[in-house]
1. Within region 21-41, identify whether any single residue is assigned to a loop (DSSP other than H, G, I, E, B) and more than 16 Å from the ligand (Cβ to nearest atom), and answer yes or no.
2. If you take the residues of region 142-168 that are crowded, with 21+ Cβ neighbours inside 10 Å and not in a loop (DSSP other than H, G, I, E, B), which of them is nearest to the ligand (Cβ to nearest atom)?
3. Could you tell me which numbered condition L28 fails, if it satisfies all but one of (1) within 22 Å of I212 (Cβ to Cβ); (2) touching a helix residue (DSSP H, G or I) at 6+ places or on another chain (Cβ under 7 Å)?
4. Those residues that are over 17 Å from the mean Cα position of the chain (by Cα) and of a type in the set (S, T, N, Q), I need them from region 1-18; list them, please.
5. Scan region 176-191 for residues that are assigned to a helix (DSSP H, G or I) and within 16 Å of the chain's Cα centre (by Cα) and jot them down.
6. Could you list, in sequence order, the residues of region 192-212 that are surrounded by fewer than 17 Cβ atoms within 10 Å (Cβ to Cβ) and either on the phi > 0 side of the Ramachandran plot or not hydroxyl-bearing (S, T, Y) (or both)?
7. For the subset of region 1-20 comprising residues that are away from the ligand (no atom under 16 Å from the Cβ) and of a type in the set (V, I, T), which member is surrounded by the fewest Cβ atoms within 10 Å (Cβ to Cβ)?
8. Filter region 21-30 down to the residues that are surrounded by fewer than 16 Cβ atoms within 10 Å (Cβ to Cβ) and charged (D, E, K, R), then identify the one that is farthest from I200 (Cα to Cα).
Amino acid sequence: MKYENLVLESKNRILYLTINRESKLNALNKATLEELHSAITDALNDKSVGGVIITGAGSKAFVAGADISEFANFNADEGRNLAFEGQNKVFNVIQNSKKPIVAVVNGFALGGGLELAMACHIRIASENAKLGLPEVTLGLIPGYGGTQRLTQLVGKGKALEMIISADMINAKEAHRIGLVNHVVEPDLVLSTAEELLQKIMSRSPFAVGCAIRAVNAAVTDGVNGFEVEIQEFSKCFETADFKEGVSAFTQKRKPQFIQE
Ligand code: COA
């Protein structure tokens, strides 16, 4: 597929997925969401990709939200469809990816932008990042999972304050409340993400996928996470990675895991 709103690059088994609408602060329009769906689905099926970094073009914004101009005249059915399609085709696909996906938050992460970052497994923020869910200023609420994922990440009190006040917070505060994993200088944000992702990719990819599924189960309604953990734990014992991991440990060498 030819991408008009994304730039895709691959290096050292990392797929760099840059949202490239800098003049609109990388706002997520329908075409960009469709391209994100396609790029992420392809990455999941591509054995040469071990992990993904998602970021925004330029130095001002990660993503400044869903594209407001596209939904300005929507009715309730169109609104429902927008949220349903977005959640199922992009945001949930990212959260459920067995390959690690890291958000490099290099500026404004607002509305759908923060929702995108929150769907990723890990968030590395630049010191100049500003994060928020300002939808109530538009007479809306978050629709791409923001009310749920923010509550899961920072707790109900802080999530409600951010959502109903619409206030943005800076990177330091986002780190303090657990919304981002690390905050670094703008120049270091990409290399910090690469280093962490390479470390994760050096672990058993099979086990990393199992861990993601088990942790996601903790925040999935109607699922017993402890049961899921038992199933995922048990599956690991049948894998070549488990044998290799244990052999490498006893032989005091680095394990060579199977890249999926
Ligand atoms: N949807 C559509 N376009 C957007 C956008 C969005 N979410 N966020 C920014 N843009 C566009 C602006 O309309 C502007 O386009 P223009 O030059 O054609 O007028 C361009 O991006 C630059 O934004 P601008 O507002 O001029 O930059 P700023 O530095 O003054 O302000 C923000 C930056 C992020 C504070 C401001 O753009 C903003 O509040 N954006 C909307 C955030 C939001 O409500 N997101 C949730 C949407 S559900």
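Any read-out appearing in this document is the output of simple, stated calculations on the displayed coordinates, not a laboratory observation. Bear in mind the structure is a predicted one, so any value in this text is a computation, not a measurement. Glycine gets a Cβ as well: all are built from the backbone with ideal geometry, and neighbour counts include every protein chain shown.
1. Residues of region 21-41 that are assigned to a loop (DSSP other than H, G, I, E, B), as a first pass: 21, 25-27, 29.
Still in the running and more than 16 Å from the ligand (Cβ to nearest atom): none.
No.
2. Going through region 142-168, the residues crowded, with 21+ Cβ neighbours inside 10 Å turn out to be 142-146, 149-150, 159, 162.
Filter once more, so that each one left must be not in a loop (DSSP other than H, G, I, E, B): 146, 149-150, 159, 162.
Values: G146: 9, R149: 15, L150: 14, A159: 16, M162: 13 Å.
Out of the qualifying residues, it is G146.
3. (1)
4. Hits for region 1-18 are N5, S10, N12.
5. So the first thing to find is which residues in region 176-191 are assigned to a helix (DSSP H, G or I), and the list is 176, 186-191.
Residues satisfying the conditions are V189, L190.
6. Start the filter on region 192-212 by keeping residues that are surrounded by fewer than 17 Cβ atoms within 10 Å (Cβ to Cβ), which leaves 195, 198-199, 202-203.
Passing the criteria: E195, Q198, K199, R203.
7. Keep residues of region 1-20 that are away from the ligand (no atom under 16 Å from the Cβ), which gives 1-4, 6-18.
Now restrict to residues that are of a type in the set (V, I, T): 7, 14, 18.
Numbers: V7: 12, I14: 20, T18: 20.
This residue is V7.
8. As a first pass, look at region 21-30 and keep what is surrounded by fewer than 16 Cβ atoms within 10 Å (Cβ to Cβ): 22-23, 30.
From what's left, charged (D, E, K, R): 22, 30.
Values: E22: 30, K30: 32 Å.
Selected residue: K30.
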